[in-house]
Amino acid sequence: MSKYKELVEELKTVISGKTMDALVPPLLFVLLNGRFDLGLASLMATTSALIISTFRFLSKQNWHYAFGGLLGVIIASGFSFFSGNASNYFLPGILSNVLLLILCLLSLMVGKPIAAWASHLSRGWSLDWFWRTDVKPAYTNVTWIWSLFILVRVLILLMLFVSDQPTQLFIWNTILGWPLTIGILLTSYIYGIWKLKRLGGPGIEEFTSGKMPPFQGQTRGF
């Protein structure tokens, strides 16, 4: 039961409050474009993102994410409206995934896996711990998992984009978005903790305190 609560808390730190931002604007865009026109669809998608962002700001939630989401919707709506092609709404998202895939692969090539950087930035743990030979392999393997997931997502969305299917793009963009991402995050967390245990290195608290072997290892957080 305690492990279940731990997983729930870890997920909350990553996905809290983001579902509405990711789902509502593209859903409105696809529905209104099919029933009315591209101009109204773009306008209402942007308006919904503005309303959600304003609500998050007034509620003192993370305004960086709120207005980052608004900027993304404005760019996506602009792409589709000025090109006259509804499928272009999803083009910025596809391109950002391509960029993320490139970053993942580059980080693996230079031996500094992006999963370690992501954990460092979100948790503030010392980078020296991540680069230990009895710690880094866990983050390297998780970065490979992320890379494979992103590659599959990019290939599916690109195929639908080329065939100009905005409704299918929305459906698959949603499925391959938070629902599947949650599964990948759970897998990454469970596997990462298991791999750290197998590697036998120190947990971050043991590393920070300068504890000598034998180590208990990382018990929570990845």
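Values in this text are rule-based calculations from the coordinates and carry no lab data. Predicted model only: the values in this text are computed from it and were never measured. For neighbour counting, all protein chains shown are included, and Cβ atoms are generated from backbone atoms with ideal geometry for every residue, glycine included.
Taken one residue at a time, the phi angles of region 167-183 give Karplus couplings (6.51, -1.76, 1.60, θ = phi - 60°) of 5, 5, 4, 5, 4, 6, 5, 6, 4, 7, x, 4, x, 6, 4, 4, x Hz. Gly and Pro are set to x.
Measuring r between the beta carbons of MET212 and LEU95 and using R0 = 45 Å, the FRET efficiency lands at 0.40. Against the chain, whose longest principal axis is taken from its Cα atoms, helix 91-109 shows a tilt of about 20°. Axis of helix 63-83 versus longest Cα principal axis of the chain: the two differ by about 40°, to the nearest ten degrees. The overall shape of region 36-100 is oblate: from the C-alpha gyration tensor, with semi-axes ordered a ≥ b ≥ c, the ratio a/c is 1.5 or greater and a/b is no larger than b/c.
Secondary-structure-derived ellipticity at 222 nm for the chain, considering helices only, amounts to -25500 deg cm²/dmol, per-run term -39500 (n - 2.57) for DSSP H runs with n ≥ 4. Dipole check for region 86-222: with +1 at the C-beta of Lys and Arg, -1 at the C-beta of Asp and Glu, and the Cα centre as origin, the magnitude is about 340 Debye.
Taking Cα atoms only, the orientation of helix 38-58 departs from the longest principal axis of the chain by about 40 degrees. The tail of the calculated P(r) for the chain, taken as Cα-Cα distances beyond 31 Å, holds 32 percent of the pairs.
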